[in-house]
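The values are calculated or read from the model by the stated rules, or taken from the named source; none is laboratory data. Treat the numbers as computed from the prediction; the structure is a model and nothing was measured. Ideal geometry is used to build each Cβ from the backbone, glycine not excepted, and the neighbour counts take in all protein chains shown. Side chains included, ligands, DNA and RNA excluded: accessible areas come from the protein's heavy atoms. Shrake-Rupley method; radii C 1.70, N 1.55, O 1.52, S 1.80 Å.
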Amino acid sequence: MAVYTLPELPYDYAALEPVINPQIVELHHDKHHAAYVKGANDTLEQLEEARDKESWGSINGLEKNLAFHLSGHILHSIYWHNMTGDGGGEPLEKDGVGELADAIAESFGSFAGFKAQLTKASATTQGSGWGVLAYEPLSGRLIVEQVYDHQGNVGQGSTPILVFDAWEHAFYLQYKNQKVDFIDAMWAVVNWQDVARRYTAAKERGDSLLLTP
């Protein structure tokens with residue numbers, strides 16, 4: 001039985017127009033995300049076979065494959081819920097997300113500073129990757145990370161709460177090679193309610209992953 005399953009979209013394919021057209025959403029979710037789910041499950045089976053046969057010649061490649069596909073599955077699962085057709089703007093106290101707004105201001109100086117940093121991080125990730133807003137439990141701050149492919153260049157204990165997919169399959173059919181235009185447009189569909197819930201959950205979990213002095 002498969003360990004990982006493709007989650008359903010929380011909206012229909014057309015819900016994010018005009019920022020992301022329905023064809024992209026359908027292909028991105030039903031084909032690309034599904035491929036990461038299948039890849040993770042297939043790799044787990046291959047690792048089980050390697051254990052049973054005590055055949056470790058392919059262990060390095062299998063571990064890399066698992067990290068790649070599983071991280072792709074996790075990031076995409078966050079990505080879909082990070083967006084909504086009636087999102088955008090910035091987190092505000094009057095909308096019930098004041099704690100997140102305060103954390104952004106404390107960590108980055110201002111919302112404008114944070115927006116500029118995440119935009120640049122997303123748009124300048126070399127090759128394929130993501131821009132990520134994450135909660136870093138050791139400092140209790142929010143940080144921006146660049147994720148190469150799906151799993152590299154991140155703080156080991158950090159929890160992603162807002163992710164911008166900068167892989168070409170996320171935008172090319174609509175934005176061609178204009179990655180910066182796509183990232184700029186993404187701000188109009190950010191679901192701050194979802195981001196705020198993820199921030200609260202990450203903060204409550206605290207430093208449970210770390211043994212602090």
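Any residue in segment 10-35 that is under 25 Å from V180 (Cβ atoms) sitting within a Cβ distance under 6 Å of a residue that is assigned to a loop (DSSP other than H, G, I, E, B) and at pLDDT 95 or above? List the pairs, counting only those 6 or more apart or interchain.
Once the first residue is under 25 Å from V180 (Cβ atoms) and sits in segment 10-35, its partners that are assigned to a loop (DSSP other than H, G, I, E, B) and at pLDDT 95 or above give A15/G85; L16/G85; P22/Y13; P22/A14; V25/Y13; E26/Y13; H29/L9.
Could you look through segment 139-155, keep only residues that are open to solvent by 60 Å² or more (accessible area, probe 1.4 Å) and in contact (Cβ under 8 Å) with a residue 24 or more places away in the chain, and pick out the one that is nearest to H32 (Cα to Cα)?
Here is the first cut: in segment 139-155, the ones open to solvent by 60 Å² or more (accessible area, probe 1.4 Å) are 139, 141, 148-149, 151, 153.
From what is left, the residues that are in contact (Cβ under 8 Å) with a residue 24 or more places away in the chain are 141, 149, 151.
On the way: R141: 32, D149: 13, Q151: 16 Å.
My answer is D149.
Only one residue in A121, A103, A116, A112 is touching a residue at least 60 places away in the same chain (Cβ under 8 Å), out of contact with any Ser or Thr (no Cβ under 9 Å at 6 or more places or on another chain) and among the small types (G, A, S), so which one is that?
Working: A121 fails: touching a residue at least 60 places away in the same chain (Cβ under 8 Å); A116 fails: touching a residue at least 60 places away in the same chain (Cβ under 8 Å); A112 fails: touching a residue at least 60 places away in the same chain (Cβ under 8 Å).
The unique qualifying residue is A103.
Would you be able to say whether some residue in segment 201-212 is at pLDDT below 95, closer than 23 Å to F108 by Cβ, in contact with a strand residue (DSSP E or B) (Cβ under 7 Å, 6 or more places away or on another chain) and open to solvent by 20 Å² or more (accessible area, probe 1.4 Å)?
Looking for residues that are at pLDDT below 95, closer than 23 Å to F108 by Cβ, in contact with a strand residue (DSSP E or B) (Cβ under 7 Å, 6 or more places away or on another chain) and open to solvent by 20 Å² or more (accessible area, probe 1.4 Å), one finds at least one in segment 201-212, hence yes.
Tell me which of these H169 doesn't satisfy, since it passes every other one: (1) free of Cβ contacts under 8 Å to residues at least 40 places away in the same chain; (2) surrounded by fewer than 20 Cβ atoms within 10 Å (Cβ to Cβ).
Going through (1) free of Cβ contacts under 8 Å to residues at least 40 places away in the same chain; (2) surrounded by fewer than 20 Cβ atoms within 10 Å (Cβ to Cβ) one by one, H169 breaks only (1).
Got a sec? Which helices (runs of 4 or more DSSP H) wholly within segment 168-208 have at least 2 residues that are within 27 Å of V97 (Cα to Cα)? Steps first, answer last, please.
Numbers: elements: 172-175, 179-186, 192-205.
Passing ranges, in order: 179-186, 192-205.
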